[in-house]
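The values are calculated or read from the model by the stated rules, or taken from the named source; none is laboratory data. Remember, predicted model here, so these are calculated numbers, not experimental data. All Cβ positions, even for glycine, are placed from backbone atoms using ideal geometry, and neighbour counts span all protein chains on display. Surface areas here come from the heavy atoms of the whole protein model, side chains and all, with no ligands, DNA or RNA. Shrake-Rupley method; radii C 1.70, N 1.55, O 1.52, S 1.80 Å.
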Amino acid sequence: MTEPGIGSDLASMSTTAIRDGDEYVLNGSKTFITNGINADLVIVAAKTDPGERHKGMSLLILEAPSEGFERGRNLDKVGLHAQDTAELFFNDVRVPVENRLGAEGEGFLLLVKNLPQERLSIAMASTAHARAMLGWTIEYRAGATGLRQAHRHLPEQPVPPRRDAHRDHDRGIVRGPLPGGAQRRRAHRRGGFDGQVVVHRAPEAGGGRLPATARGYGYMTEYPIARAYTDSRITTIYGGTTEIMKEIIGRSMGF
Ligand SMILES: Cc1cc2nc3c(=O)[nH]c(=O)nc-3n(C[C@H](O)[C@H](O)[C@H](O)COP(=O)(O)OP(=O)(O)OC[C@H]3O[C@@H](n4cnc5c(N)ncnc54)[C@H](O)[C@@H]3O)c2cc1C
């Protein structure tokens, strides 16, 4: 989906796929594509009708290698070093019409329908991340101060008085059960509303709100908490930024 100048506003994308007989001719470029270096099949969102916005978008399955398809750099990120993130270039790449996913012009709708599942998986990973960070922090503090016994049951202690809705909700996400199969199915059926809420808060809990440890050691990469800090930052950006999640939640509530 994402292009050098276009992330959140997908309808403005400029990659085109113009039909020529039984093929589409694909031109343009993408960036920040997860697994772009390793992938053999790439699902490309492109404008089959460049005159339209959302309704002009289709999804094409591009098989690698294909003439005119090139991969750029494996981008150097602050975190997630085990995962590749690539630039992709399409220069008159010919893609058979039978490689189109869904109907022509249906691409945006398919993304809207299926992105909530990706967002739920980001939310679940963020929850696990936040729990691990909280666990390491408690363990470290207990070890550092000799209060291991006193802190052993901290996660099970009553939730302190409400200070603000966000914190209360984040605490629930970090300590509560992960979304079960039923909740995931409901989220999917309802256009992802639940998923959007969880994905909005869970990354914030993992990426920004838990203090990890305020000691200098927590900034050293030899400690897992420092790596978790850089790895989790991305969860408030990819799959839709925090602000875009708020937009979608607001719209589904009628605002
Ligand atoms: C490591 C990594 C992996 C990625 N993997 C993929 C991938 O596999 N496939 C893919 O397609 N993309 C991928 N992305 C791209 C990612 O989805 C985009 O970076 C993200 O959607 C934000 O787009 P942008 O960077 O262009 O920022 P912009 O859209 O320019 O946003 C900039 C800021 O403006 C805010 N903003 C934008 N629009 C609005 C609005 N309407 N209202 C309020 N605030 C707004 C945003 O919240 C953000 O704070 C990846 C990115 C990274 C860093």
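Write out the trypsin sites (Lys or Arg not before Pro) in segment 21-54 meeting two conditions: DSSP loop, and at most 15 other Cβ atoms within 10 Å of their Cβ.
Here the sparse-neighbourhood loop sites are R53.
For M133, what accessible area in Å² do you get when you roll a 1.4 Å probe over the heavy atoms of the protein chains, rounding to the nearest 10?
Roll a 1.4 Å probe over it and M133 shows about 10 Å².
Among the trypsin sites (Lys or Arg not before Pro) in segment 82-143, which ones are in a DSSP loop with at most 16 other Cβ atoms within 10 Å of the Cβ? Mind listing them?
Passing both the DSSP loop test and the Cβ count: no residue.
Once fully extended, how much extra length lies between I61 and E23, figured as 0.36 nm per residue of separation less the alpha-carbon to alpha-carbon distance?
Between I61 and E23, full extension yields 12.5 nm more.
Per Stokes-Einstein, at 25 °C and 0.890 mPa s, what whole-number D in µm² s⁻¹ belongs to segment 10-104, with the Kirkwood radius over Cα pairs as the hydrodynamic radius?
Using the Kirkwood radius from Cα pairs, D works out to 179 µm²/s.
Long-range amide H contacts for R100: which residues qualify at under 5 Å (H placed 1.01 Å from N, peptide plane, sequence gap of 5 or more or a different chain)?
For R100, the qualifying residues are I61.
Which residues does the label zone of A103 cover in segment 23-50, counting backbone N under 16 Å from a point 7 Å along Cα→Cβ?
Of the residues in segment 23-50, 48-49 have backbone N under 16 Å from the label point off A103.
State, to one decimal in nm, how far the label point of D76 lies from the label point of K246, with both points 7 Å from Cα in the Cβ direction.
My value for the distance between the label points is 3.3 nm.
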